[in-house]
Amino acid sequence: GGDGDGGGGGGVPRLLSRPAAIEAYVQLLCAFRPSGILPFLESVEHYDVRRVMAHCRAAGVAHAEAFLHERLGEPEAAAALYLKEAERTAERLEHDVLLRTSLLGGAADSGSVAGGAADAARRQRWASWLASLAPRLSTARGSAEVRPDCVGAPRTLRAETPRGPPLGGGDG
């Protein structure tokens, strides 16, 4: 049958083996499922990287755009996007901490104190991680050494970005 399923590896339908179809699918992912763009791009090979990158940039999908910079051999541009995304995530985290603290109203029970300490420790880890990237970028400018240190960092950090435990819950 002609159902569009590719019987081969990777699970990518045969229909998406053409560059124009891949580009159109990326546009749909940008609009309806941005989190699916990077896994999709990692599973296909033959597409116009610059055109797909333009769609990712327009949709604000920084992790996919950074992946495409890596694919073009532009590790500094990728690292800059990863750093910007990490900074945004850290800002959102700080905002969440402030909001959570405000909502708790400064309750004096030991649970909120422990939660505040855990939040402070988490912010410190973020600051340390961001600071650790700067020397690697400046000493390895233009070299392939930048790549292993930066590849996947935002995805990992995004996955760890807390939405926050239930208020009053969590073991820190």
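A short reminder: the numbers here are calculations on the coordinates, not readings from a lab. What you are looking at is a predicted structure, and each value in this text was computed from that prediction instead of being measured. Cβ sites come from the backbone with ideal geometry, for glycine too, and all protein chains shown count toward neighbours.
Annotations
- In plain terms, the residue of 56, 30 with the fewest other Cβ atoms within 10 Å comes first and the most crowded comes last, giving 30, 56.
- Here 48, 119 are placed in order of increasing Cβ neighbour count within 10 Å, fewest first, which gives 48, 119.
- A P(r) calculated from all alpha carbon pairs of segment 37-110, with 5 Å bins opening at zero, reads 3, 15, 19, 17, 11, 8, 7, 6, 6, 4, 2, 1 percent.
- Based on alpha carbons, the Rg and Dmax found for segment 9-71 are 10.4, 31 Å.
- The calculated FRET efficiency for residue 28 paired with residue 54, based on their beta-carbon distance and R0 = 25 Å, is about 0.95.
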